[in-house]
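The values are calculated or read from the model by the stated rules, or taken from the named source; none is laboratory data. Fair warning: this is a prediction, and the values are worked out from it, not measured in the lab. FYI the Cβ positions are ideal-geometry reconstructions off the backbone, even for glycines, and counts take in every protein chain you see. The area values use the complete protein model at the heavy-atom level, side chains included, leaving out ligands, DNA and RNA. Shrake-Rupley method; radii C 1.70, N 1.55, O 1.52, S 1.80 Å.
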Amino acid sequence: MHRRFAARFCSFACLASLATTACAQRPTDAIHVDDVSHVFRIDAGDMTYEFGVNEDKRLQTIYWGEHLSEKDHPQSPKASQGMSSFDSSRNTTPQEFGAWGGGLYVEPDLKITFPDGNRDLDLRYVSHSMHDGVLSVQMKDISLTVVVTLQYKVDDATGIVGRRALIENGTGKPFIIESASSATWNLPRGTNYILRYLSGRWAGEWTVNDQNVKPGKTILESRRGTTGAQNNPWFSIRRNDTTEENGEVWFGGLAWGGSWQIAVEQDAVQQVRVTGGYNPFDFGYHLKAGATLETPWFYAGHTSHGLGDASRRMHRLEMDTLVPHAPHEKLRPVLYNSWEATEFKVDEAGQEALAEKAAAIGAERFVMDDGWFGARNNDHAGLGDWTVNPQKFPNGLKPLIDKVHSLHMDFGLWVEPEMVNPDSDLYRKHPDWALNFSGRPRTEGRNQLVLNLAREDVRQYVFTFLDKLLTENDIAFLKWDYNRNWSEPGWPAVAPEEQKNVYVDFIHNFYGILAELRKKHPNVEIESCSGGGSRVDLGVIGLTDEVWPSDNTDAFDRLRIQNGFTQAYAPGIMMAWVTDSPTWVNQRTLSLPYRFLSSMQGSLGIGANLTKFTPEELNTSQKMIAEYKNIRETAQRGELYRLVYPTDGSEEAVTESVSRDKQQAVLFTFLHSSTELYPYPRVFLRGLDPDRIYSLSSIYGKASDETPASATGSYWMHHGINIELRGDFQAAAFVLQGVSH
Ligand code: GLA
């Protein structure tokens, strides 16, 4: 008997029951269950994923890769016999979700300590069901009532599968979960794989790293209580002959903004597994009798069309399914942000002067950054005291907001809700609200401590002040910052055995506040910022509208940063500001057009001190912003082709974005430094309709004289364009507009 379930893919937030947005109702026919062989098969977006119940009643991966023909009938999986007395069947069988017990040495998906000291767990298949587009497969321990439900959902367009596990304690007594993953993804057995992952630090996020997958294990992780920039919860694994445009890639990301881990392991039988979920380091979730722990969604996909296509699939998933208003997220407005211009020296007159200039060049949103509240004149004091500073704004925020509205912009505000300066009224009143171990030092970062958002009183405080701020003021946008990571993650107010629940409960409350605020203030948009790009993951993307990739706003450094960011995340959520030159980061001087073209590849913002701009600079800015508005839908929502990476010693960087209907493409070209009289390499476009005629026009810079004014997509892709770029730090950009079909 062969049953097909009508499946559909709902947004992360929707399924986590945390957000307000409705599920995208996209019926599919993607998940099939064969009730005889007990094989589950997912076919979507030219991918097939297959797993089943083996003779031991354990769940086993059968296949994950290019779409298989329907003619290939499902075969029940057979457990491996094991290698030797050293590596038993449980180690060498590619389990979908392996519980720790019975001598399992590979990365376990679940490890529990029971009150009687038992730590052995053996999960076997019990039943399955389908509800609201999610396939749930239940497993239970051989003797204890520990029920684990594996959930699967699939995005039709991209073939990206979402998986997570629900761990239910039916034993009648509490137990401690020492590690819990969302899923293990088993790749075809092999040794010819290359892992790509992202690393970084403050002002240097999004570095692309490639390494061969060798026997042993590579751990990508954050132990910081938050996503972190040191690794991002994203991976891609490719065959070693795969390129940007061709070949197989398996890729994925974890929807979790707390401490996380992704383990990439090649085991004794050359099976490659990717296991991801909560970071087991310092983990110990106290699960009460009758309670359930949900693990985060872990999304993963497959393509046979290279690293570029893997990224484009992730972008499409994010923009069409995960972001709060998907698939109808509005385009990112051009924003102005005051931070680099004024830092903490904000006041009514100064902000209004900036707002006038910002409106004149075409900004659509004005955002006042840090410094507007409490005794916040520098980063030593005031965090936590969310009342308007009366010296800086004697009549509250209203005059400034009214002024911004009169200039036809909407108004945004910076907040950092989860933090407190010890020098604040909030901390003087509630020193116990910070994460801490009783009687131990409290390590500060940027002179601040982390509030324990897992506490109900802290959750209430944070929600209430934000709700009040949004209710009393006409605010369209919050830049939600988070400027340090955890230390001393204690929670002395609860019993010692429950204190480590902070790793999960904090993040659930963070998501809960975002969801509740969005519900009550549905028109407010939110940016996730964490001293730059330290809180970017598929979890926060489901509850915010854009992210800040880095405090590094040097337009040349940004080319590398954006190249790394877009491996995993869409340009449509990537905020990029044009700031002053020389930059504070490297003291590098870059032309204003160069700075604009670097930022125009994502969601454009302006962060420069416009009161110091010359009339000519203001003119250039106005022109570039007008050009951006003409191509922003393509830049934000189009298909991104990274034609030349700005890394590995390259003197060039080239990206191209093609609109979904292929009517427009925008090409951005950058030259670091000319050498030895070489001309700029010819640029070959991609992704155009070969038969359509496209006209070429310049946003900035010149194509060589022989370039036709219009030609077919095929011409631009195969003949290519010669671009006149010579010198140091040069840039040019062009629009290809479809004129007929
Ligand atoms: C962080 C952010 C910056 C700015 C400052 C304000 O560093 O990343 O953009 O908002 O905080 O203190």
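Here are some notes:
- Among Ile475, Gly542, Gly490 the positive-end extreme of the charge dipole of region 425-551 (Cβ point charges): Gly490
- The label-point distance for Met717 and Lys398, in a model that sets each label 7 Å from Cα toward Cβ, rounds to 5.9 nm.
- Backbone amide hydrogens, once placed in the peptide plane, bring Val147 within less than 5 Å of Glu168, Gly170, excluding anything fewer than 5 places away on its chain.
- Carbon + sulfur, % of accessible area of region 643-740 - ligands and nucleic acids excluded, 1.4 Å: 52 percent
- Antiparallel DSSP beta bridges within the chain, percent to nearest 5: 85 percent
- For the chain, the Cβ-based charge dipole about the Cα centre amounts to some 660 debye (Lys, Arg positive; Asp, Glu negative; other atoms uncharged).
- Per-pair calculated FRET efficiency, R0 = 22 Å: His325 and Asp29 via Cβ, rounded to 0.05: 0.25
- Distance between region 454-504 and region 52-88 - C-alpha centres, whole angstrom: 44 Å
- Length gained on full extension, Leu407 to Thr589: 62.4 nm, using 0.36 nm per residue less the C-alpha separation.
- Think of region 2-322 as a dipole: +1 on every Lys or Arg Cβ, -1 on every Asp or Glu Cβ, centred on the Cα centre; then among Ser37, Trp260, Gly190, Trp260 lies furthest on the positive end.
- Length gained on full extension, Arg446 to Ile142, computed as 0.36 nm times the residue gap minus the Cα-Cα distance: 104.4 nm.
- Shown in residue order for region 358-373 are the 3J(HN,Hα) couplings computed by the Karplus curve 6.51 cos²θ - 1.76 cosθ + 1.60 at θ = phi - 60°: 4, 5, 5, 8, x, 5, 10, 9, 10, 10, 8, 8, 4, x, 8, 10 Hz (x for Gly and Pro).
- Average accessible area per residue (Å²) across region 397-482 - probe 1.4 Å, nucleic acids and ligands excluded: 40 Å²
- With a Förster radius of 60 Å applied to the beta-carbon distance between Phe684 and Thr464, the computed FRET efficiency rounds to 0.60.
- Once backbone amide H atoms are built at 1.01 Å from N, Asn447 has no partners under 5 Å, excluding neighbours fewer than 5 places away on the same chain.
- Estimated distance in nm for a label pair at Asp661 and Lys520, the labels positioned 7 Å out from Cα along Cα-to-Cβ: 4.1 nm
- Using the Cβ-Cβ distance between Ser740 and His672 with R0 set to 41 Å, the FRET efficiency works out to roughly 0.65.
- Distance between the C-alpha centres of region 147-223 and region 699-737: 42 Å, rounded to the whole angstrom.
- Protein heavy-atom surface of region 335-571, 1.4 angstrom probe: 50% of the accessible area is carbon and sulfur, with nucleic acids and ligands not counted.
- Over region 58-204, the alpha carbon radius of gyration divided by the compact-protein estimate 2.2 N^0.38 Å works out to 1.19.
- Considering only Val524, His719, Tyr125, and ranking their Cα positions along the charge dipole of the chain that arises from unit charges at the beta-carbon of Lys, Arg, Asp and Glu, the one farthest toward the positive end is Tyr125.
- Computed lengthening from Asn209 to Asp116, 0.36 nm per intervening residue step minus Cα-Cα distance: 29.0 nm
- Phi to ³J(HN,Hα) by Karplus 6.51 cos²θ - 1.76 cosθ + 1.60 over region 543-560, Hz, x for Gly, Pro: 10, 10, 9, 7, 9, 9, x, 6, 6, 6, 10, 5, 5, 6, 4, 4, 4, 5
- Where Rh is the Kirkwood radius over Cα pairs, Rg/Rh for region 335-571: 0.97
- Average accessible surface for region 643-740: 46 Å² per residue, computed with a 1.4 Å probe over protein heavy atoms with every protein chain in place.
- Here region 104-162 exposes an accessible surface that is 49 percent carbon and sulfur, computed with a 1.4 Å probe and the other protein chains kept in place.
- Phi-based couplings in Hz for region 125-140 (Karplus 6.51, -1.76, 1.60; Gly and Pro marked x): 4, 10, 6, 9, 7, 10, 8, 6, x, 10, 7, 10, 10, 9, 10, 9
- Note that region 249-343 carries a Kirkwood radius of 17.3 Å, evaluated over its alpha carbons pair by pair.
- Amide H contacts under 5 Å for Thr712, placed H, 5+ residues apart: Tyr694
- Note on region 335-571: antiparallel DSSP beta bridges, both residues inside, total approximately 25 percent of the bridges counted.
- Using the alpha carbons alone, the radius of gyration of the chain stands to its Kirkwood radius in an Rg to Rh ratio of 0.98.
- Once the 1.4 Å probe is applied to the protein heavy atoms, region 2-322 comes out at 34 Å² accessible per residue.
- Remark: spin-label model distance Gln622-His67 equals 5.2 nm, labels positioned 7 Å along the Cα→Cβ axis.
- Cα-centre dipole for region 2-322 with unit charges at Cβ (Lys and Arg positive, Asp and Glu negative), debye to 20: 480 debye
- Region 128-248, dipole about Cα centre (Lys/Arg Cβ +1, Asp/Glu Cβ -1), debye to the nearest 20: 460 debye
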